[in-house]
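Beneath this line is the structure, given in C-alpha cells, with notes to follow.
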Protein chains: 2
Amino acid sequence: MVDFQKVSKYIDAHLNEHVKKMQEFLRQPSVSAENYGVRECAQLLKSYLLNLGCKDARFIETGSLPAVYGEYNAQAEKTLLIYMMYDTQPFKGEQWTSPPLEASLVDIAPFGKCVIARGAINTKGPLVAFLNALESILAVGEKIPANLMFVAQGDEELESTHFAKFVEEHKTMLSKADALFGPDASQDQQGKVIMSLGWKGIEYIELECSGKSWGKGPAEFDIHSSDKSWVDSPAWRMVHALATMTSIDGNRVLIDDWYDNVRLPTGEDLELIDKLAETLDEETIKQEMKVNQFINDLHGKELLLQYLYSTTLNIDGIWGGYTGPGSKTVLPHKVTVKMDARLVPDQSSEEVISKIRKHLDKHGYADIAIRSLDPYEWSKVSVKEPIVQTVIQGYRRLGYEPEIWPHNASSVPYHLFNRKPLNLPFCDGGLGHGGRAHAPDEYFVVEGNERVMGLAGCEKSYVAILDAYAQYRQIE
Amino acid sequence: MVDFQKVSKYIDAHLNEHVKKMQEFLRQPSVSAENYGVRECAQLLKSYLLNLGCKDARFIETGSLPAVYGEYNAQAEKTLLIYMMYDTQPFKGEQWTSPPLEASLVDIAPFGKCVIARGAINTKGPLVAFLNALESILAVGEKIPANLMFVAQGDEELESTHFAKFVEEHKTMLSKADALFGPDASQDQQGKVIMSLGWKGIEYIELECSGKSWGKGPAEFDIHSSDKSWVDSPAWRMVHALATMTSIDGNRVLIDDWYDNVRLPTGEDLELIDKLAETLDEETIKQEMKVNQFINDLHGKELLLQYLYSTTLNIDGIWGGYTGPGSKTVLPHKVTVKMDARLVPDQSSEEVISKIRKHLDKHGYADIAIRSLDPYEWSKVSVKEPIVQTVIQGYRRLGYEPEIWPHNASSVPYHLFNRKPLNLPFCDGGLGHGGRAHAPDEYFVVEGNERVMGLAGCEKSYVAILDAYAQYRQIE
C-alpha cells in the first residue's frame, strides 16, 4: 500500500518541475507522418525510463519508427503493461494562437493555466504526468505497487501498421503482463469522468470503379461529356453499385450475411447501458456535432444500443471527374470511394472485405477494386476485471464516480493486446482534461478548477489507481 | 462573282504579312477567365474592322466583356452575320514547348510550319485568316460578295452568360442578317473536312445534398465516422437519390417524361446518317478516347443515331468528405455532384430542370438543391439551306468533299441566333487545321501538306465560300 497523502504532498510541492518536464517533452517534436523529431523524442523517452529505473530501457525496431520498451521491476506479484504513444499528428499550415512546439502556459477559461502544444492531450502530456506520478512515489520512499512493462509506440498516427507487427513478434515477452493500463486524462469539460470498456473494430477501404478495369467507358482519362451518349459511365456504375449496399436511408447494410456474427449485448452491457441512459446528455451531443436528430429519432437506451452495438458501413469520401468551380464538361474515367465499416463483437475485418467482395461480384461488379487500408479489430473488457475495478476505485478515492460506457463506437488498437493470443484485459484512465486533439491549440489543463482536475490531480489519480490495483490484487 | 484566281495569287504573294498579322493578334492576350488583356484585344480587333472598312466598328458593352461589332456594307443584296470569339482559355501553369503568347512558327509533323499559341485554333487564328481573305479580295479590286455583320464575343470561354443578353438586347439589329457564318478550320489531321448541321443543347447543373437542408445528418461540418451508427449520412442519401435517376447501366434516364419532347431524326437526317456511316472510322474514335467498346457494343448507323440523337444525363464530377491519401474517418456533411444533360430537338433546358426537380421531390428528395450553371439550347440547320450549300460548294471548288454530320453531340451557342426570335440558318467552315484547343501547344497549321491546307488554303476557302454564297443567291 502506498502512502497516498505523502505522495500527494510531494506532487503539490514539485508541480513546477513536473510542468517543466512536460514542456520539455512537448517541445521535442515527434511528427510521425513527417518523420520529424520522432527518434529524438524516442531517445528522450528512453532516458526518462532509464532515470525511473528501467534498466533495460531500449528501442525495439519495427521496420519504421521504433517502439520504446522498458521494464520496471517492482518485485511485485503482478505486472501491468503500460501502453503509450509518443508520436503526434502534424501541425504544418495550422493556425495556432500559441506555437505548437512552444508548450507555453496560457489561460483557457474555465480551466486556468493550460499547456498549449501538439501532443498536449494526445498523448505526450498524460505520458509525462504518469511518469511524474511514478517518480513521486519513489521520491518519498514508497514502492511502485506493480511491475511495469512500458510499451510506447511511435506510429500510432500512422495507423499502427508497424506496431501491429511489433506486438506479433514480441508476444511471448508481452504475455508476462496481467493487464494493460493506458494513462489518459478522462474528464470532459464539465469534469465528468468517462470510461470505455470496449471499442469497435474498423475496416477502412477504398473502392475504385474505372473504365480500365470495367472494359467499358473511358479507360485512361476523362473524356468530353458529349461522349456520354455513346460511351458508358464508370461514375453511374459506381453510384448503382453503392446503392445496392444499403437500404435507401443508408442505415441498414444489405450485404449478404453482414449481420451474421453480430453478438447481442451481454446482460452486463445492458445493465451499464441502463445506467448510462440516465446521464446521457443528448442535446449537448447533438449540439457539438451540429446534428438536428439522431437516426430514426431514437432516444435514451435505444439510441445508446444503436450507437454502441450496431455495425455500420460509412462513406468517408467520394470523388471523381471535375470538382472545381464552374462547368467543365467531362465523362470521368474513374470514381473512388473511401468507406469504413465499424465492427462489433464478433465481426472481423477479414470477413467484411470478403463479404463486400462477394456482394459486388454477385451484383455484377467484379471489376470494382477493393483496397484495404487500415483494419483494427474490436476489443472488449468486462467491468468485473481487476484493472477496470481498480481504475473505478482510484476515481472514487478522489471523489469521482465515472460514467461507464460498456462500449465505444470508435476504434483504438487495444485489440493488439486484448484479442488472441495475449487476451489482456485493458483499461485507460486518469483524471484531468485536455482537448483539441488533431486540431490547433491542442491543450492539457495544468491548473484546473473545482470540477476539472489539473496536472497535480491527474498525477494523484494515477497513484490512486496503482495503489488500488495492488490492494485489489491483495484482496483477490 | 469574285475573280478567285486573282485573289488566290494575292494571298500566296502576301502570306508572310498574313502570318505576321495572325501572330500580332495571338500575341495580344485575351484570357477572359482572368480578364487578362481582353479589352486590349477587343481594341485590336476593332482596329482591324475599321481598317477593313466597317465605319461603325465599336464595342457593345454587355455588363462584362464587350462584344466587338461592325458592319461592312458591300451594297450586296444579302447579309451574313460573321460570328467570332476573341477570348481564350487561360494557360497559367501549363507546360508549353513554345510559350503561349510568343506565337512562334514551329515545325509539327506532318503539317510543316505551324503557329503555336493560345487561341491559335480556338479561334483567334481562323478569325485573322478570315479578315486576311477579305482584305485580299479588296486589295485586288474585287467586291466582297455579301454585306457582313461582324459579331465577336469576349466571354465564350465564360459560358457566354453576358453574350446571351447582348443577342437578346440587339435582336432587331441582328435580324437584318440572312444567315450566320462562323470562320473555322474544319479539317482533321488526315485532311478530312467535317461539317456539323446541328448541335445538342446542354443543361449543366450542380446537385447538393447536405445535412443542413435535409435536417438530418451533420449540418455544419464533417463529423467522426464512428458517429455513423447514430447519425444519418447525406453521402448515402445522395447515392440513393442518384440511383433513382438512371437505369442500372447508367444509360436510360428514369426521370418521368424525360423523353417526351425527343423528336425522331428527320428523313434528311437519316439520309445523311446512312452516308456518314460509310466513312465512320469507329476504331480511330475509340482509340482516341481510349474506349474499348461503345454503349451496347453498337456499330455503324445504330451507333451514330445513339450518339447524335439521344439525350443524356451525365455525372461530370462528384465529391464529398475526405478525398486525400490514407484513411481519415469522417461522416461527410454534404456531397455535391456536377451533371450535364445533353438536349436534342425538341427538348429545352428549362424542362430538364423542372423534370429533375419533380423527380427528386417525388422520390422524397425535396431537400436536394439544384443549381443551374450553364444552359445552351440545341440548334439545327437543314442541309438544303443556302449557307450550308455554299460552304459545301466552296469546299468542292478546292477539291474537297466534306463529311456531313447532320447533328453534333456537343454544344455551342448558335442557338442564340438559330432559335427564336432570330431563326438564323448557320454554318461554320473553312479549310485548314489546328489542334490542342484548351491544351498546351495549341496550334494552327501555316504550311500544310498535300491533304491538310495551310493558312493560304484556309483563306482561299473563305473566298470560295463567300463567292459561292453570292452565286447561290443569284441562282436562287
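Within the range B:197-217, does at least one residue satisfy the condition of being under 30 Å from B:Asn408 (Cα atoms), in contact (Cβ under 8 Å) with a residue 40 or more places away in the chain and of a type in the set (Val, Ile, Thr)?
Scanning the range B:197-217, I find at least one residue that is under 30 Å from B:Asn408 (Cα atoms), in contact (Cβ under 8 Å) with a residue 40 or more places away in the chain and of a type in the set (Val, Ile, Thr), so the answer is yes.
Mind listing whichever residues of the range A:183-193 are closer than 24 Å to A:Leu148 by Cα and of a type in the set (A, V, I, L, M, F, W, C)?
Listed by number, the list holds a single entry, A:Ala185.
Filter the range B:375-401 down to residues that are of a type in the set (Gly, Ala, Ser) and touching a helix residue (DSSP H, G or I) at 6+ places or on another chain (Cβ under 6 Å) and give me whichever is surrounded by the most Cβ atoms within 10 Å (Cβ to Cβ).
The extreme case among them is B:Ser379.
Just checking, how many residues over the range A:81-93 are more than 30 Å from A:Leu416 (Cβ to Cβ) and within 23 Å of the chain's Cα centre (by Cα)?
Residues in the range A:81-93 being more than 30 Å from A:Leu416 (Cβ to Cβ) and within 23 Å of the chain's Cα centre (by Cα): 0 in total.
Within the range A:276-303, track down each residue that is touching an Asp or Glu at 6+ places or on another chain (Cβ under 6 Å) and in contact (Cβ under 8 Å) with a residue 24 or more places away in the chain.
Passing the criteria: A:Thr279, A:Ile295.
Looking at the range A:417-434, I want the residues that are within 17 Å of A:Pro406 (Cβ to Cβ) and have a partner that is surrounded by fewer than 23 Cβ atoms within 10 Å (Cβ to Cβ) and acidic (Asp, Glu) with Cβ atoms under 7 Å, at least 6 apart or on another chain. Which pairs are those?
A:Pro425/A:Glu385
Among the residues of the range A:213-234, is there at least one that is closer than 24 Å to A:Thr312 by Cβ and at pLDDT 95 or above?
For the range A:213-234, residues closer than 24 Å to A:Thr312 by Cβ and at pLDDT 95 or above: absent.
Return the residues of the range B:356-406 that are among the charged types (D, E, K, R) and in contact with an Asp or Glu (Cβ under 6 Å, 6 or more places away or on another chain); say none if nothing qualifies.
Those that are among the charged types (D, E, K, R) and in contact with an Asp or Glu (Cβ under 6 Å, 6 or more places away or on another chain): B:Arg371, B:Asp374.
Collect the residues in the range B:28-40 that are crowded, with 17+ Cβ neighbours inside 10 Å, touching a residue at least 60 places away in the same chain (Cβ under 8 Å) and not in a strand (DSSP E or B), keeping them in residue-number order.
B:Pro29, B:Ser30, B:Ser32, B:Val38
For the range A:16-37, what are the residues that are of a type in the set (A, V, I, L, M) and under 13 Å from A:Glu156 (Cα atoms)?
Answer for the range A:16-37, where residues must be of a type in the set (A, V, I, L, M) and under 13 Å from A:Glu156 (Cα atoms): A:Val31, A:Ala33.
Report, by residue number, each residue of the range B:356-374 that is within 29 Å of B:His415 (Cα to Cα) and surrounded by fewer than 19 Cβ atoms within 10 Å (Cβ to Cβ).
Within the range B:356-374, B:Arg357, B:Lys358, B:Ala369, B:Ile370, B:Arg371, B:Ser372, B:Leu373, B:Asp374 qualify.
Output the number of the condition that B:Leu254 fails; it satisfies all remaining conditions of (1) among the aliphatic types (A, V, I, L, M); (2) under 25 Å from the mean Cα position of the chain (by Cα); (3) at pLDDT 95 or above.
With respect to (1) among the aliphatic types (A, V, I, L, M); (2) under 25 Å from the mean Cα position of the chain (by Cα); (3) at pLDDT 95 or above, B:Leu254 is out only on (2).
For the range A:336-374, give me each residue that is in a strand (DSSP E or B), out of contact with any Lys or Arg (no Cβ under 7 Å at 6 or more places or on another chain) and of a type in the set (Val, Ile, Thr).
Of everything in the range A:336-374, those that are in a strand (DSSP E or B), out of contact with any Lys or Arg (no Cβ under 7 Å at 6 or more places or on another chain) and of a type in the set (Val, Ile, Thr) turn out to be A:Thr336, A:Val337.
With (1) of a type outside the set (A, V, I, L, M); (2) more than 34 Å from the chain's Cα centre (by Cα); (3) within 12 Å of another protein chain (Cβ to nearest Cβ) as the list, and B:Tyr376 as the residue in question, which single condition is left unmet?
(2)
It is to be established whether one or more residues within the range A:51-58 are in the same structural domain as A:Asp467 (by TED's automatic domain parsing) and in a helix (DSSP H, G or I).
Yes, the range A:51-58 contains at least one residue that is in the same structural domain as A:Asp467 (by TED's automatic domain parsing) and in a helix (DSSP H, G or I).
This table checks each residue for (1) under 16 Å from B:Val463 (Cα atoms); (2) in a loop (DSSP other than H, G, I, E, B).
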{"position": "B:Gln389", "(1), (2)": "yes, no"}
{"position": "B:Gly399", "(1), (2)": "yes, yes"}
{"position": "B:Ile404", "(1), (2)": "no, no"}
{"position": "B:Pro413", "(1), (2)": "no, yes"}
{"position": "B:Asn423", "(1), (2)": "no, yes"}
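Checking A:Lys420 against (1) among the basic types (Lys, Arg); (2) within 22 Å of A:Leu272 (Cα to Cα); (3) out of contact with any Phe, Trp or Tyr (no Cβ under 8 Å at 6 or more places or on another chain), which test does it fail?
(2)
Within the range A:420-459, take every residue that is among the charged types (D, E, K, R) and out of contact with any Lys or Arg (no Cβ under 9 Å at 6 or more places or on another chain) and give me the one that is farthest from A:Val167 (Cα to Cα).
Here the answer is A:Glu450.
Answer yes or no as to whether A:Phe444 is touching a Gly at 6+ places or on another chain (Cβ under 7 Å) and either over 26 Å from A:Thr172 (Cα atoms) or not hydroxyl-bearing (Ser, Thr, Tyr) (or both).
Yes; evaluated as a whole, the condition is true for this residue.
For the range B:247-262, name all the residues that are under 22 Å from B:Asp346 (Cβ atoms) and either facing chain A (nearest Cβ under 9 Å) or aromatic (Phe, Trp, Tyr) (or both).
Scanning the range B:247-262 gives B:Asn251, B:Trp258, B:Tyr259.
Which one is farthest from the other protein chains (Cβ to nearest Cβ), of the residues in the range A:228-246 that are hydroxyl-bearing (Ser, Thr, Tyr) and within 34 Å of the chain's Cα centre (by Cα)?
A:Thr244
Would you check which residues across the range A:390-435 are of a type outside the set (A, V, I, L, M, F, W, C) and within 14 Å of chain B (Cβ to nearest Cβ) and list them?
The answer is A:His407, A:Asn408, A:Ser410, A:Ser411, A:Pro413.
Go over the candidates A:Ala74, A:Ala57 one by one and state the one that is modelled with pLDDT of 95 or more and in contact with a Gly (Cβ under 7 Å, 6 or more places away or on another chain).
On inspection, the qualifying residue turns out to be A:Ala57.
State which residue is nearest to the other protein chains (Cβ to nearest Cβ) when the search covers only the range A:188-219 and only residues that are surrounded by fewer than 18 Cβ atoms within 10 Å (Cβ to Cβ), farther than 23 Å from A:Leu360 by Cβ and charged (D, E, K, R).
A:Asp188
Only one residue in B:Leu304, B:Leu270 is within 24 Å of the chain's Cα centre (by Cα) and under 17 Å from B:Ser410 (Cβ atoms). Which one?
After ruling out the rest, the residue left standing is B:Leu304.
The values are calculated or read from the model by the stated rules, or taken from the named source; none is laboratory data. Since this is a predicted model, take the numbers as computed values, not measurements. Neighbour counts are summed over all protein chains in view; Cβ atoms, including those assigned to glycine, are modelled from backbone coordinates with ideal geometry.
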